[in-house]
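*Asks:* Dumping the structure here so I can ask a few things about it.
The values are calculated or read from the model by the stated rules, or taken from the named source; none is laboratory data. Since the structure is predicted, the reported quantities are computational estimates derived from the model, not experimental observations. Note that each Cβ is placed from the backbone with ideal geometry, even for glycine, and that neighbours are counted across all protein chains shown. Ligands, DNA and RNA are stripped out before the accessible areas are found, and what is left, the full protein with its side chains, is counted by its heavy atoms. Shrake-Rupley method; radii C 1.70, N 1.55, O 1.52, S 1.80 Å.
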Amino acid sequence: MTTSTRTPRGLLTLLGILLSGAAALADPPMLGELGRIGPPGKQTLIVGVDAPGFEDLAPRERALVYLLNRAAIAGDRIFTRQVHRYAPDVITLLDEIDQRNETLDPAVAAAVREELLRALVHHGPYDLRMHRKHERWGLTPQDLADATEAAARAGAHLPRLPGETTAQMLARLSPVLLDGEFEAVHVEQGKDRDMIAGSASDLYARGVTQPMIEGLLGYWQEKINVRFDLRDGRLFMQPYRIGGVYSDELKAVSHWLRKALPLAQSEEQRRSMHALLDFYTTGDEALFREHSVHWLKSDTRVDYLNGFVESYLDPRGVVGSFEANVSFRADSALVRRLAENAQYFEGKMPFDSRYRRAKVEVPVASVVNVVTATGDAGPMSAAAYNLPNYSDLRRDHGSKNVVLLNIELARSEEVRRALINEFYPPADRADGLALSDEARRWLVYMHEVIGHGSGQPDPAVKGADRVLAGRTWSALEETRADLVALYMVLDPKLVEVGAFKDARQQEATARVGYVGYLNGDLMAMRTDPELELREAHRRGYHLVTEYLVNGGTGKKDLGVRRVKTDGKTFHTVVDLKKARAGVAELLTVLQKYKSTADDRAATELFDRLGTRLDPVLREEVRRRAEPLDLPTMRAHVYPRVVPVVQDGQVVDAVRIHDEDLLTQARRYRRIWNDPAPE
């Protein structure tokens, strides 16, 4: 909604207040559980996310939120293109059928809608947590063919390539969507396999192999914003930039970033936007590094994330996936006190002092409410992040740690209680129900604020550590941060900063944190599609659990047992002190591997303890989970931010909760390259 350019400024403010009030009284606001997609036991929970405190922002701040929100939306389809070369076409095909489903059999129409929603959650036909092709639910190739023909007769705009017939289009897209064996692995991490040729993501063209990449100059191997193409058997490097790969999308992102520049809340934030705009124009990664330094030093009420950030789609753990968000600060007092003690925690790390940082910049740490998250950040959003990922920038400038409060709170209490009652040891359930939220909160805080920012490379190691660490990089780093959190959650400094009222409460909460983490490995088995694990965080959970249960490398007593009670398997902590010692031991090992870029040793450890599931145990977990009929993941619907415009300029904005997942996605697809406020 926009106002007339003749509307007086005072009336604009009143209009914003009235619109905001009307949104709050919407019947009903689309918040909390909005629905579930998928068959029983494999459902995704769709949650409408609130953004409390938005109305407390100043009009200028709300206008900045709107502009950065549009920059995020403009880049959303970049990530979809990165997921698979045909992912945008698959989504377009399903959406065109869904919008013209009147003549379809109701069961087929429902199956198309379900596949469409699943593809929107994952930006394509792959499970982004498991890095494998989605299993088929209800739609068959014949159903898809018949529905496509019906949609074509109804005037659908089908995603045909130039000169392509509808039949040829179906022959191209149907296997991508419905054949579980066609390009089945999204990110290959298997031992002794070509991780490039075996991966289906579009960071590498089909036919590119691991030896081809390893034969390149280090400059190209280390670059975060490049696609590797293959033409007539020759390898070509295509930087992500305006005029290069994703040119149209980056132009649209840049349009809204330029509009946001005059509203920047600090000089560091303004410089971060300038450097980001220059990076998108030139593709020069040095400018993204410059942006990252200004961004991490920017401590403003309204914040944003925009760029090629995490590398989970890349089997090498190097090339970045596009993600973006916009947020505003919530109550951050506790997490800031934690950040102020980063130097203390670095000094208490159990690993070799050579790998500790002598001087730690106090990291920026905030608890925020996110308003929009796109690309790799949405609609499945992590609860926190710590950036930048460049180890040398962390060492020299520190990091920024952001906890997404409204994402963390957007969960189902029913699901939490059911999982605790089934998968926690009976003796730990009461404490789990009482303390698991607090335990998780502090493990997340320690993981992001202290864990990722800790440690340093061995001075003798030259080159980008994530390249030298190879295919284990992402899993190693996530596991290392988990271990820092598990180790430091028992440090007495946390009582001092106000995390716990006394040592007794701290120990009880930490114990629940350990129990939850270790039995979380069991809970995750209910959704693991196969016995081999690929996703970085998932491999970390499993490595830590197996290491502690099996007594590390020396078969010692590390205070953790795998026990059976009434035929059900649990992980129980019999000695918290020994368990913490085991955590310290594994953390010391992984830090050495990271600091020295010892890819071979890290890969061997993950292959031995962090990659394979016990088939008998996984089957037991699935049997136990089946009658619970609980969702296996969560996707978010964010507020719709509506601008208030005067004389062609956005001067304020309001939030409205009136969309479901499909409506939100269609709006994103409609407006991504529209230069006008909407």
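*Asks:* Using modelled backbone amide H atoms (1.01 Å from N, in-plane), which distant-in-sequence or interchain residues come within less than 5 Å of VAL367's amide H?
*Replies:* Amide H to amide H, under 5 Å and 5 or more residues apart or across chains, VAL367 pairs with ALA330, SER332, VAL403.
*Asks:* Going down the list LYS348/LYS592; LYS462/LYS592; LYS555/LYS578; LYS297/LYS592; LYS501/LYS578, which pairs span over 19 Å between their C-alpha atoms?
*Replies:* Values: LYS348/LYS592 16 Å; LYS462/LYS592 15 Å; LYS555/LYS578 13 Å; LYS297/LYS592 29 Å; LYS501/LYS578 24 Å.
In this structure, LYS297/LYS592; LYS501/LYS578 exceed 19 Å between Cα atoms.
*Asks:* So what are the ³J(HN,Hα) numbers for region 539-545, from phi and the Karplus equation (6.51, -1.76, 1.60; θ = phi - 60°), rounded to whole Hz, Gly and Pro as x?
*Replies:* For region 539-545, the Karplus curve yields 5, x, 3, 5, 4, 4, 4 Hz.
*Asks:* If I compute solvent accessible area with a 1.4 Å probe over the protein chains, what percent of it on region 623-678 is carbon and sulfur?
*Replies:* On the way: 1030 of 2200 Å².
Carbon and sulfur: 47 percent of the exposed surface of region 623-678.
*Asks:* Then there is this: If you compute Kirkwood radius over Cα pairs in Å for the structure shown, which of [x] 26.0; [y] 27.8; [z] 30.3 do you land on?
*Replies:* From the options [x] 26.0; [y] 27.8; [z] 30.3, the structure gives [x].
*Asks:* In addition: If the reach is capped at under 28 angstrom between alpha carbons, list the lysines near LYS133, excluding any in the same chain fewer than eight residues apart.
*Replies:* LYS42, LYS191, LYS223
*Asks:* Which percent, to the nearest 5, of DSSP beta bridges fully inside the chain are antiparallel?
*Replies:* Details: 46 of 58 bridges.
About 80 percent, rounded to the nearest 5.
*Asks:* Around SER247, with a cut-off of 15 angstrom between Cβ atoms, what is the net charge of the other residues, counting Lys and Arg +1 and Asp and Glu -1? It would help to have the intermediate numbers written out before the result.
*Replies:* On the way: positive: ARG77, ARG81, ARG227, ARG241, LYS251; negative: ASP229, ASP248, GLU249.
Net local charge, SER247 excluded: +2.
*Asks:* Averaging sequence separations of C-alpha pairs under 8 Å and six or more residues apart, then dividing by the length of region 327-442, give the relative contact order as a whole percent. If you can, show how the numbers build up before the last one.
*Replies:* On the way: 121 pairs, mean separation 27.9, N = 116.
So the answer I get is 24 percent.
*Asks:* State, as an integer percentage, the relative contact order of region 190-285 based on alpha-carbon contacts under 8 Å between residues 6 or more apart. Can you show the working numbers first?
*Replies:* Details: 96 pairs, mean separation 19.6, N = 96.
Relative contact order here is 20 percent.
*Asks:* Near GLY554, within a Cβ-to-Cβ distance under 15 Å, what is the net charge of the other residues, with Lys and Arg +1 and Asp and Glu -1? Don't skip to the answer; put the middle values down first.
*Replies:* On the way: positive: LYS555, LYS556, LYS578, ARG608; negative: GLU546, ASP557, GLU585.
That sum, taken over residues with Cβ under 15 Å, equals +1.
*Asks:* Say the dipole of the chain comes from +1 at the beta carbon of Lys and Arg and -1 at that of Asp and Glu; which of LEU104, LEU522, TYR593 then lies farthest toward its positive end?
*Replies:* Ranked along the dipole, the leading option is TYR593.
*Asks:* Then there is this: Counting only C-alpha contacts under 8 Å and six or more residues apart, can you give the relative contact order of the chain as a whole percent?
*Replies:* On the way: 1254 pairs, mean separation 138.2, N = 678.
Reported as a whole number, the value is 20 percent.
*Asks:* Skip the ligands, DNA and RNA, and give the accessible area per residue of region 127-260 with a 1.4 Å probe, whole Å². Spell out each step's value before the answer.
*Replies:* Working: 6020 Å² over 134 residues.
That works out to 45 Å² per residue.
*Asks:* How much area per residue is accessible in region 444-545 when the probe is 1.4 Å and only protein heavy atoms are counted (Å²)?
*Replies:* Working: 2830 Å² over 102 residues.
Spelled out: the 1.4 Å probe surface of region 444-545, per residue, equals 28 Å².
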